[in-house]
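Colleague: Dropping the structure in here first, questions after.
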Amino acid sequence: MTFRRIKAILIKEFKQVLRDPRMKTVILVSPVLQILLFGYAANKDIDYIPTAIYDQDNTKESRELLRAFTYSKYFIPKYYIYSKEDQDWMINRGKTSVVIRVDRGFGRDLKAGKSANVQLVLDGTDSNTAQVIQGYASTIIGSYQQKLLLNDLEALGMSGSGPRIELRDRAWFNENLISRNYYLPGVIASIVTMMSLLLTAMAIVREKEIGTMEQLIVSPLLPLELIFGKLIPFGVIALFQSALITTFAVFWFHIPLRGSLILLALATSVYLFTTLGIGLYISTIASTQQEAMMSVFLFYMPTFLLSGFAYPIANMPLVIQWMTLINPMRYFLTIIRGIFLKGVGIGVLWDEFLIMAVMGIIVISLSTLRFKRRMA
């Protein structure tokens with residue numbers, strides 16, 4: 001195996017990629033579009049809740065309670081309604097996420113020392129949003145109830161200055177609990193996975209379709225030289241895309257990067273052994289580019305869903321959790337988020353690196369053996 005022949009294949013591959021306008025669009029434009037879409041759309045922070053107010057009591061007490069809701073930064077009063085038909089219409093049409101309903105007798109019950117009920121009518125289509133809204137509402141109700149209790153104590157001549165428990169929380173690594181900081185580093189893993197799989201599989205299958213693979217097989221190139229010449233350019237492209245996404249995440253969306261860039265590049269390089277190897281394997285079983293593309297998507301979707309990118313692995317059934325142990329993207333996401341948000345180094349992430357490296361070596365070795373047999 002000589003570097004001169006590998007270099008010739010590398011030059012050929014880079015020229016072939018860069019002279020194709022569609023390929024340049026995929027390489028340069030696609031990652032930028034994805035990071036922008038994820039940055040602005042994949043946001044679970046709920047800061048604006050369109051709210052409808054249905055106050056049947058219309059007393060000082062009900063207005064104070066509703067003021068506690070609307071003065072918060074979450075509940076934005078957009079509608080004031082006066083009948084149950086209006087309430088149902090608002091929820092059914094999706095005009096509002098929540099209706100705050102205060103029935104008649106609310107103020108009277110409070111003055112009498114009885115339990116007074118407030119109803120939240122939620123749009124439960126998005127269960128996550130509904131649960132968050134419930135949490136916000138519970139906090140506001142709790143604060144309002146505490147205020148009423150203090151007022152009652154003062155009315156009885158008591159100061160209400162007895163022992164209290166105050167919860168003071170502090171979030172590490174993502175101080176303001178911004179969901180974008182959690183999701184955008186994972187976009188690196190998503191794009192690197194998809195692009196390295198797709199480019200590798202389709203490039204080799206394209207050689208079969210146009211008939212140049214046979215010419216390469218009968219050339220003096222050794223199988224390993226051909227494999228290295230084919231895989232290295234797409235590995236370099238994936239590293240470039242990773243750097244491009246990181247730049248956008250840090251400077252455009254202000255995602256904190258507390259760890260080492262060198263360690264991030266090393267993790268991406270180790271991970272690419274797996275994705276490039278799988279792309280190489282797909283190229284040996286696919287006869288056309290359409291087949292290669294479908295095979296890539298069939299592999300990518302389960303990999304993405306079982307990686308912990310959007311859904312916590314701990315919440316999955318136990319059998320599915322076991323399945324995630326053979327998913328290399330799971331370990332790559334852990335490394336990326338550890339480098340970005342926690343600033344940890346190899347001393348903490350060494351086990352993920354080791355597992356990912358072992359997987360990569362196994363996959364690239366098996367794929368290389370199959371590719372060599374197909375060339376023979």
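Bear in mind these aren't lab numbers, they're just calculated from the coordinates by the rules spelled out. Because the structure is a prediction, the values reported are computed rather than measured. Cβ placement follows ideal geometry from the backbone for every residue including glycine, while neighbour counts extend to all protein chains displayed.
Colleague: Which one, Y48, Y300, Y281, has the greatest fluctuation when you compute a Gaussian network model over the chain with C-alpha springs under 10 angstrom?
Modeller: Comparing Y48, Y300, Y281 in a Gaussian network model of the chain, the most mobile one is Y48.
Colleague: Same structure, new question: Size of the dipole of the chain about the Cα centre, Lys and Arg at +1 and Asp and Glu at -1 on the beta carbon, nothing else charged, in debye to 20?
Modeller: 1080
Colleague: When only Cα pairs under 8 Å and 6 or more residues apart are kept, what is the percent relative contact order across the chain?
Modeller: Dividing the mean separation by the residue count of the chain yields 19 percent.
Colleague: Something else now. Counting DSSP beta bridges with both partners in the chain, what percentage is antiparallel, nearest 5?
Modeller: 35
Colleague: Whats the longest run of the chain with zero GluC sites (Glu not before Pro) that are DSSP loop and have at most 15 other Cβ atoms within 10 Å?
Modeller: 176-376
Colleague: How would the stretch 1-136 be classified by its alpha-carbon gyration tensor: rounded, prolate or oblate, with rounded meaning a/c under 1.5 and the a/b versus b/c comparison settling the rest?
Modeller: It is prolate, given that a/c is not under 1.5 and a/b is the larger ratio.
Colleague: Roughly what would the spin-label model give for S83 and V236, points 7 Å off Cα along C-beta, in nm?
Modeller: 7.2
Colleague: Here is a follow-up. For the stretch 1-105, calculate the relative contact order in percent as a whole number, restricting contacts to Cα pairs under 8 Å that are 6 or more residues apart.
Modeller: 31
Colleague: Using a basic spin-label model with each label point 7 Å from the Cα along Cα→Cβ, how many nm lie between A243 and T25?
Modeller: 2.5
Colleague: Assuming a ≥ b ≥ c are the square roots of the Cα gyration tensor eigenvalues, decide whether the stretch 214-321 counts as rounded (a/c under 1.5), prolate (otherwise, with a/b larger than b/c) or oblate.
Modeller: oblate
Colleague: Shifting gears a bit: Separation between the I262 and W172 pseudo-spin-labels, each 7 Å from Cα along Cα→Cβ, expressed in nm?
Modeller: Computed distance between label sites I262 and W172 equals 2.6 nm.
Colleague: In addition: For the chain, build the charge dipole from Cβ charges (+1 Lys, Arg; -1 Asp, Glu) around the Cα centre, then report which of T70, L264, I282 sits farthest towards its positive end.
Modeller: Going by the Cα projections, it comes out as I282.
Colleague: Among P312, P31, P328, determine the one that fluctuates most according to a GNM of the chain built with springs between C-alpha atoms less than 10 Å apart.
Modeller: P312
Colleague: Sticking with this one: With a ≥ b ≥ c taken as the square roots of the eigenvalues of the C-alpha gyration tensor of the stretch 17-68, please select rounded if a/c is under 1.5 and otherwise prolate if a/b is larger than b/c or oblate if it is not?
Modeller: It comes out prolate by the Cα gyration axes.
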